[in-house]
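Before any comments, here is the structure.
The values are calculated or read from the model by the stated rules, or taken from the named source; none is laboratory data. If you're wondering where the values come from, they're calculated on a predicted model, not measured in any experiment. Methodologically, a virtual Cβ is constructed for each residue, glycine included, from the backbone with ideal geometry; neighbour enumeration extends over all protein chains shown. Accessible surface is based on the protein model in full, side chains and every heavy atom, while ligands, DNA and RNA are left aside. Shrake-Rupley method; radii C 1.70, N 1.55, O 1.52, S 1.80 Å.
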Amino acid sequence: MKLVRDARTLRSKAISSLRIAMMTFNSYDDDGRITTVLLHLQHASEMLLKAALVQAKVKVFDKESGQSLGFEKCLRLCQNGHGLSAEQAGTMRAIDSLRDAAQHWFVYVAEDLLYLHTRALVTAFDEFLKRNLDTDLRSHIPPRVLPVSTLPPGDFTFLVDREYKLIHDLLKPGRRRRDEARARIRALLAMEALVADSVKVSEKDINRVERGIREEQQLSAVFPRLISVGTSSSGQGATFTVRFSKKEGAPVRYVGGDDPEAAAAVREVDLRKKYHLRASELAKLLGVNSNQAKAIRHTLDMDQDPSCCHVFEFGKTKIACFSDNASRKMKDFIESGADLDKVWKDYRMASRERLPSQGQALSALARAT
């Protein structure tokens, strides 16, 4: 594959940042180590995503501001049409969330959890690099500089459970370790990005979790998202790979970070970030016209699915917006070979059949009054 100039430059920047992250991870110096690793892993991920988009001739500059697209937008574009899997996106999003917490305040990430996330990011980076830019990490980074740990990582659920118990101990009266406990809580909240579309850690969320831990709530009640995360690993040494995946879990209730009722709930993300596509943008993204998109949504009953659609109200104006889940479902439907012309005709027939019944209902209401 012959790379265009900007894609080649961005790929080089991505690999350079990954090299720095690896060297820092394996360094003898602990001062600023976790923050440096997270900063460069996140930068490596963003440069890799942009390199893939540029190579695919996708515009990566916003028309209005003239600035390059942010990490989250690039992640969604790559996930929607350029081969980035949900698991790979979750790994990159978790690194971004941890980096955000480390850069703007402070965070404490246990060594084996840091290693697990770093190895998972290296795995996702290498797989996406091979798929979209026709090369692999071994061609650019000697295996000896990949992250090495004398603490082999255990099961993710076990590690989270251990962190939870440690936080509980740090919060006991007389310990005077509350700052460290809250830094560890911030790290666990940031890790929810493994299975959430968007995560922003706030002090209200940390207060909610701290209150739940002090009240002896179980891990499954305070962090229901984290217990739905599973890991799989293979190989050893330089070939060791880690992948995060989502397990089926119990349904959870969403609350605001300052909800006074209980800690046993998952905080809601910014709805505008989750449902970021208008109907016209969704149709354009999928390469269909607005009528076909409307018919597909009707066929899949997506407008009634809260994971796909949300109606924002601005005074008397109501605007339906859609999530990445909606675009993925519609894309799968289109790629299944469905006849879109027939789907549109069936939708029109169904619409015509509904109209008489609505008219009869209005006539009956008029007679009743």
Pick out which of Ala295, Ala187, Ala51 has the largest mean-square fluctuation in a Gaussian network model of the chain, springs linking Cα atoms closer than 10 Å.
Ala295
Can you give me the % of accessible surface on the chain that is carbon or sulfur? Probe 1.4 Å, all protein chains present, nothing else counted.
50
On a 0 to 90 degree scale, rounded to 10, what angle separates helix 290-299 from the longest Cα axis of the chain?
80
Largest fluctuation, Ala320, Ala190, Ala89 only, Gaussian network model of the chain with Cα springs under 10 angstrom, belongs to Ala320
In deg cm²/dmol, rounded to 500, what helix-only [θ] at 222 nm does the chain give when every DSSP H run of at least 4 residues adds -39500 (n - 2.57) and the total is split over its residues?
-18000 deg cm²/dmol
Among the lysines, select those whose C-alpha is under 27 Å from the C-alpha of Lys342, and discard any that sit fewer than 8 residues away in the same chain.
Lys284, Lys294, Lys329, Lys331
Among beta bridges assigned by DSSP with both residues in the chain, the antiparallel ones amount in percent, to the nearest 5, to 90
Which residue, Glu313, Glu281, Glu203, has the most motion in a Gaussian network model of the chain that connects Cα atoms within less than 10 Å?
Glu313
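Among residues other than Gln88 whose Cβ falls under 11 Å from its Cβ, what is the net charge (Lys/Arg +1, Asp/Glu -1)?
On the way: positive: Arg93, Arg131, Arg243; negative: Glu87, Asp126, Glu127.
It works out to a net charge of 0.
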Solvent-accessible area of Asp155, probe 1.4 Å, all protein chains present, reported in Å² to the nearest ten, please.
80
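Calculate, in nm to one decimal, what Ile319 and Lys246 gain on full extension: separation in residues at 0.36 nm each, minus their alpha carbon distance.
Additional length available on full extension: 23.2 nm.
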Computed over region 42-151, protein heavy atoms only, probe 1.4 angstrom, the accessible area per residue in square angstrom equals 42
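Regarding region 1-111, what is the average projected area of its C-alpha convex hull, in nm²? If you can, show how the numbers build up before the last one.
Working: hull surface 32.4 nm².
Answer in nm², one decimal: 8.1.
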